[in-house]
Amino acid sequence: MANQIGRRVRGLVDWARARQQQVGDRVHADGDAFAIAHGWAISSGTGWLGFGLRQYRDPRFELLPQVEERSDPSCRHGLRQAASTADAGRALR
């Protein structure tokens, strides 16, 4: 009896997973088609609540040179911190 209930529960879980996969495939169909057309890599997985998760990556990012970190402590993200908001606008020009 317990074995029979276990099989039924397992069957319901498998059914729910298959439906979640189908929903995820439908939701991501346009994004997948765009990524395939542009030669992007697609990684899929399980997201929140078991629904499909996709990550898209353009392989050209691998060709970009690596950015070296600056050793100057007053420099943050490649820009020196501005003393005021007005100075920040001038620093970006």
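Residue-wise test of (1) basic (Lys, Arg); (2) within 12 Å of the chain's Cα centre (by Cα); (3) more than 22 Å from residue 13 (Cα to Cα).
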| position | (1), (2), (3) |
| --- | --- |
| 29 | no, no, yes |
| 32 | no, no, yes |
| 46 | no, yes, no |
| 51 | no, no, no |
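Taking residues in region 48-66 that are surrounded by fewer than 11 Cβ atoms within 10 Å (Cβ to Cβ), and partners anywhere that are outside any loop (DSSP other than H, G, I, E, B), the pairs with Cβ atoms closer than 9 Å and at least 6 places apart or on different chains are 49/20; 59/41. Residue-level check: of (1) surrounded by 10 or more Cβ atoms within 10 Å (Cβ to Cβ); (2) assigned to a strand (DSSP E or B), residue 6 misses just (2). When region 45-79 is examined, which residues are found to be in contact with a Leu (Cβ under 8 Å, 6 or more places away or on another chain) and at pLDDT below 75? Residue satisfying the conditions is 79 alone.
All conditions but one from (1) modelled with pLDDT of 90 or more; (2) out of contact with any strand residue (DSSP E or B) (no Cβ under 7 Å at 6 or more places or on another chain) apply to residue 42; the one that does not is (2). Does at least one position in region 25-35 carry a residue that is modelled with pLDDT of 60 or more, among the β-branched types (Val, Ile, Thr), surrounded by 12 or more Cβ atoms within 10 Å (Cβ to Cβ) and out of contact with any Asp or Glu (no Cβ under 6 Å at 6 or more places or on another chain)? Yes, region 25-35 contains at least one residue that is modelled with pLDDT of 60 or more, among the β-branched types (Val, Ile, Thr), surrounded by 12 or more Cβ atoms within 10 Å (Cβ to Cβ) and out of contact with any Asp or Glu (no Cβ under 6 Å at 6 or more places or on another chain).
The values are calculated or read from the model by the stated rules, or taken from the named source; none is laboratory data. Keep in mind that this is a model prediction, so the values were computed, not measured. No Cβ is skipped: glycine too gets one built from the backbone with ideal geometry, and neighbour counts run over all protein chains shown.
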